[in-house]
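The values are calculated or read from the model by the stated rules, or taken from the named source; none is laboratory data. All values derive from a computational prediction rather than experimental measurement. Neighbour counts run over all protein chains shown; Cβ positions are idealised from the backbone, glycine included. These area figures cover heavy atoms from the full protein model, side chains too; ligands, DNA and RNA do not enter into them. Shrake-Rupley method; radii C 1.70, N 1.55, O 1.52, S 1.80 Å.
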Amino acid sequence: MAEEQHQNIIQTVKEYGSRLFGFIRKNVNTDADAEDILQDVWYQYANASATQTIEQVSGWLFKVARNKITDKYRKKKNTLIDDYAFENEAGETSFRELLFTLDNDPELADIKKLFWEELFAALDELPENQREVFMLNELEEVTLQEIADRNKENIKTIISRKRYAVQHLRNRLQYLYDELINY
C-alpha cells in the first residue's frame, strides 16, 4: 500500500507540478516564495493522501495553494533591504529611499545607522578630492557639471574622481550589502 501511495504522489507531482507552480508564482513576489509555498502544498498533499481519499486532486491542490498564498500575506511581512532599493537607467542599485526616509521601524533604524557608520568610515579612506565629489553629488545632489564649474576643473576629471570613489565604496561596502540582503 505504501508503495502505491508513493507512486501516486510522484504521478501527481509530475502531472500538476508546473501548472501549480505557475499559478502560485503569479500570485507571489519571488520564485523563492513560490517554491516555498509549492513545497508546503506537496507536504500537505503527502500527509493528506496518507489519511484520506482526495476525490478531485486538481481542485484540492489549487485550493490548498490559494490558502497557503493567503496565509503568507496574512503573516507579518519580513522587509528585505532590496524592497527599498531601485535600479536607475544605468542598472546601478540605489538605496537612497532607504537612507533618507524617516521611518519609525527600529530594525530599519539599526540598518541605517550601521550603513551610515560604514559609509563614512569608507569615505574617510578616500582622497579628499574623491570624497568631496562623491559627497556633493550623491548626498547633496549637486550635478557633476556643477562640481566641475565650482572647482574650475574638467568634467572628465570630476567623473573620474566619482568613479574611483564609487569603486572604492562598492568594494568596501560589499560585505555589508551581502549581510543586509540576507538580513
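Applying the criterion of at least 2 residues that are modelled with pLDDT of 90 or more to the helices (runs of 4 or more DSSP H) found wholly in the range 88-157 leaves 128-134, 144-151. Considering the range 119-128, and only residues there that are surrounded by fewer than 16 Cβ atoms within 10 Å (Cβ to Cβ) and of a type outside the set (D, E, K, R), the residue that is farthest from the chain's Cα centre (by Cα) turns out to be 127. Those residues that are within 22 Å of residue 2 (Cβ to Cβ), more than 31 Å from the chain's Cα centre (by Cα) and surrounded by 11 or more Cβ atoms within 10 Å (Cβ to Cβ), I need them from the range 36-64; list them, please. Within the range 36-64, 46, 48, 49, 50, 54, 57, 60 qualify. Looking only at residues that are under 25 Å from residue 53 (Cα atoms) and in contact with a Lys or Arg (Cβ under 9 Å, 6 or more places away or on another chain) in the range 2-35, which one is most open to solvent (accessible area, probe 1.4 Å)? This residue is 23.
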